[in-house]
Amino acid sequence: MKIPTNERSMIVEKIDDIITQIRKYNSKSVFYTLAGRDTIDDITIICSDIRFVLDNTSNLAGLDSTRKSINEITEKLKPTSKDHNSFEAQDILFTLKNNSRSLVNELEKIKLRLTASSPEFPSINEKLVFLCHSTKDIQITKNIADAIRSSIPGIKTFIAHEDLKEGKLWSEEIRKALYSCKIFIPVITENFLSSGYANNEVGIAYYLFLTKKMPFIKPFSLISGSDHRLGMLCELQIKQRQATRDDIRHFIVQMNG
């Protein structure tokens with residue numbers, strides 16, 4: 001039994017909301033300043049929302065280990081006492097922080113299955129390049145897009161919030177561009193690494209790449225040295241470097257080849 005399109009979109013949005021809340025509580029500043037009844041209540045709501053997602057995706061095959069992992073983590077987040085003292089709140093926060101990456105990764109797997117099973121899955125646009133970026137880096141991203149379009153005849157680029165059609169649901173437009181692009185370029189900066197939206201797009205792109213539904217992922221890094229926060233992108237053997245005009249020029253030559 002397939003999940004209807006409208007329900008699928010609602011569940012995907014719910015997963016995005018959950019991940020945002022998890023990352024909020026995983027931030028160091030919040031982590032050390034919040035530890036009370038309100039915190040436990042908020043985390044209880046997160047767990048309730050996760051239960052909603054699991055219940056409404058139970059018919060998706062191949063996710064048994066994912067559901068098991070999520071259930072094991074959420075079980076650890078349940079309060080054991082009724083008074084919800086600050087010590088228990090702190091313990092629950094530690095548990096959430098220590099398991100946040102695993103929880104987000106497992107939720108992303110469900111999200112990927114939901115989006116990949118969409119009947120509106122578009123065909124590959126041979127001339128479309130998707131530039132994944134932080135909105136704080138819009139200017140450098142536009143510069144890269146301009147350089148690509150001027151160097152490769154007929155190529156089209158997609159930059160979220162720059163190329164969205166008025167009146168369209170932005171998340172749906174981004175999804176369509178992401179699923180149909182020939183080349184996915186994450187513009188990696190410090191801002192990029194802290195962007196939840198950018199990392200979600202990377203997760204989807206990486207899944208599409210592994211399942212051979214996306215031909216190429218060509219990361220463009222503006223940071224130097226190795227960084228564990230790159231996560232799955234490290235597996236693509238990114239060559240780290242400082243960004244210069246020559247870097248962009250060489251990057252385009254590689255793409256054109």
Residues other than Arg67 with Cβ under 13 Å of its Cβ, Lys/Arg counted +1 and Asp/Glu -1, net out at -1
Set Lys76/Lys213; Lys14/Lys156; Lys142/Lys182; Lys24/Lys127, cut-off 29 Å on Cα-Cα distance; pairs above it are Lys76/Lys213; Lys14/Lys156; Lys24/Lys127
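Quick note: the coordinates plus some simple rules give every number you see, no bench work behind them. Since the model is a prediction, treat every value here as computed from it, not as a measurement. In this analysis, Cβ positions are derived from the backbone assuming ideal geometry, glycine residues included, and neighbour counts consider all displayed protein chains.
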